[in-house]
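Worksheet for the structure shown next.
The values are calculated or read from the model by the stated rules, or taken from the named source; none is laboratory data. Quick caveat, the model's predicted, so the values are computed rather than measured. Don't worry about glycine lacking a Cβ; one is built from the backbone with ideal geometry, like all the others, and counts go over all protein chains shown. In case anyone asks, the SASA skips ligands and DNA or RNA and just uses the protein heavy atoms, side chains included. Shrake-Rupley method; radii C 1.70, N 1.55, O 1.52, S 1.80 Å.
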Amino acid sequence: MTPEIHDLCKFLDASPVNFHAVAELERRLRAAGFEALDMADRWALRPGDRRYVTKNGSALFAFVVGRKPAADEGFHIIAAHSDSPCFRVKPNAEILCDGGIVKLNTEVYGGPILYTWFDRPLSLAGRVMLRGTAPLRPETRLVRFEMPLLTIPHLAIHFNRGVNEGNPLSKQKDMLPVLGAIGPGESHQGLLRRMVASKLGIKDENDILDYDLSLYDTTPACTTGMNGEFVTSGRLDDLSMVHAALTALLATAETPSGATRVMAIFDNEETGSGTKQGAGSPMLAHILRRIAAAQGCDEEDYLRGVARSFMISADNAHGVHPNYAEKQDPTNHPYLGGGPCIKINANCKYMTDADSAAVFRALCERAGAACQDFVNHSDVAGGSTLGNILTSQIPLRGVDMGAPVWAMHSARETASCSDHIATTRVFKEFFSL
């Protein structure tokens with residue numbers, strides 16, 4: 001395993017859910033000399049300053065202030081997202097079943113491949129909100145149960161002989177995870193709250209006002225293939241692109257640049273981006289405006305800077321599946337190991353056009369990386385991503401791209417190690433301009 005892929009696996013294992021991914025980003029940024037800013041404070045920035053802002057504990061925006069004002073050199077932006085499809089725990093989640101078995105009531109987040117979550121060692125991670133010093137300021141604590149706590153057991157084939165011929169699933173009935181068994185006289189009500197309080201060392205469980213908890217697969221990220229050529233893990237979409245962006249930003253932070261370099265990691269892409277921490281919010285526009293203002297730019301200068309800017313919207317692409325090649329476009333079917341993909345859509349689901357595609361191809365050439373095209377099969381509807389959503393807020397030039405993966409939205413996805421390394425090299429070239 002190369003050092004780059006070893007570090008990717010460490011990052012994935014440290015990021016079971018969006019909140020922990022942002023906490024890991026913060027840890028690495030602080031270690032590299034980045035300092036936190038608060039959107040409620042006034043900003044004073046100088047060329048070369050390394051700063052970051054978080055939103056909701058699940059989105060993060062880091063930047064290195066350029067040596068020239070935004071009006072002269074603009075912004076170089078890489079955007080990705082912290083969230084992945086999963087299962088969120090509902091309030092009052094404990095359900096008592098026969099034999100003292102307790103299962104949890106959950107809700108599906110995003111669009112996971114449901115079958116892939118069966119019969120796996122699962123656990124819980126997220127954030128817990130505690131009573132604070134004032135009603136508007138609750139205390140936030142992260143929690144993660146490292147040991148496997150749950151499983152979603154399949155129904156035995158003996159009770160469903162047609163399971164391999166197609167088996168529609170109910171998210172409310174079939175997908176509820178088993179937490180464990182309780183003894184006679186033990187109450188299931190509030191069991192999860194008691195477990196969280198114990199894990200965090202909270203003496204009075206009533207101090208827990210609420211929580212955002214999600215299920216995650218406890219199996220560590222690893223490489224597969226005869227030569228270790230693939231990496232397999234949960235949440236490759238889109239944490240592999242987050243890792244590539246972070247690696248590039250840290251590697252180039254000391255490189256002089258006139259442009260301000262920005263890494264924008266949004267949340268809630270998998271549910272449409274329509275939150276205060278999502279790409280549909282004005283969060284990035286506000287941050288860019290404040291950077292420009294701290295450089296002495298007025299509104300016209302800021303708009304001039306936007307006109308000089310470029311964004312890479314980094315979200316994984318679909319690699320051609322060895323068993324389903326017919327699902328891909330006849331002439332554009334990117335394969336794992338063939339390099340990062342430019343994502344193109346005639347109906348503007350992606351922000352890519354010929355101009356921005358040409359920019360990305362030139363970056364790949366400078367980085368010595370191969371480049372592929374991804375276009376949907378015309379009979380298969382595709383999804384959108386961050387790029388075209390962000391352009392409704394900021395009229396940026398930009399490209400949608402991503403490394404190809406198999407089994408996108410599975411509990412465990414697969415990507416190429418060489419593609420991740422190549423993508424990181426391309427991002428470094430971009431941030432070095």
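For this structure, a couple of remarks:
- Summing charges over neighbours of residue 274, with a neighbour being any other residue whose Cβ is under 15 Å away from its Cβ, gives -2 when K and R count +1 and D and E count -1.
- Relative contact order of the chain, taken over Cα pairs closer than 8 Å and 6 or more residues apart, is 23 percent.
- Here the Gaussian network model covers the chain, with springs between Cα atoms less than 10 Å apart; of 274, 201, 305, 201 fluctuates the most.
- Computed magnitude of the charge dipole of the chain (debye, nearest 20; Cβ of K, R +1, Cβ of D, E -1): 800 debye
- Lys pairs under 29 Å by Cα in segment 1-138, provided they are eight or more residues apart or on distinct chains: 4
- Segment 245-356, accessible surface, carbon-and-sulfur percent (1.4 angstrom probe): 51 percent
- Applying the criteria of a DSSP loop state and at most 12 other Cβ atoms within 10 Å to the trypsin sites (Lys or Arg not before Pro) of segment 287-325 yields no site.
- Which of 152, 130, 80, positive extreme of dipole for segment 37-176 (C-beta unit charges): 130
- Theoretical gain in end-to-end length, residue 298 to residue 139 [0.36 nm per residue, Cα-Cα removed]: 53.5 nm
- Springs join every pair of Cα atoms under 10 Å in this Gaussian network model of the chain, and among 134, 264, 93 the largest mean-square fluctuation is at 134.
- The relative contact order of segment 177-319 comes to 12 percent, based on Cα pairs under 8 Å that sit 6 or more residues apart.
- Potential extension, residue 7-residue 329 segment - 0.36 nm per residue separation minus Cα distance: 112.6 nm
- Length gained when the stretch residue 42-residue 251 is fully extended (0.36 nm per residue, less Cα-Cα span): 72.4 nm
- Segment 278-433, relative contact order [Cα under 8 Å, separation at least 6], %: 34 percent
- Within the chain, helix-based [θ] at 222 nm, where runs of 4 or more DSSP H residues each add -39,500 (n - 2.57), nearest 500: -8000 deg cm²/dmol
- Percent accessible area from carbon and sulfur atoms, segment 133-200, protein chains only, probe 1.4 Å: 56 percent
- Qualifying lysines (Cα of each under 18 Å from Cα of residue 327; at least 8 residues distant if same chain): 343
- Scattering curve values for the chain, log₁₀ I(q)/I(0), Debye with Cα scatterers, q = 0.09 Å⁻¹: -0.59
- Accessible-area composition of segment 17-103, carbon plus sulfur, in percent [1.4 Å probe]: 44 percent
- Net charge over other residues, Cβ less than 10 angstrom from the Cβ of residue 407 (K, R count +1; D, E count -1): -1
- Förster-model FRET efficiency, 56 Å R0, residue 379 and residue 194, C-beta, rounded to 0.05: 0.60
- Label point 7 Å beyond Cα of residue 366 along Cβ direction - residues of segment 312-338 with amide nitrogen under 20 Å: 312-315
- Averaged per residue, the chain has 44 square angstrom of accessible surface, using a 1.4 angstrom probe with ligands and nucleic acids left out.
- Convex hull of alpha carbon positions in segment 1-160: directionally averaged projected area 15.3 nm².
- Structure remark: mean-square fluctuation, Gaussian network model of the chain, C-alpha springs under 10 Å; the largest value among 369, 156, 279 belongs to 156.
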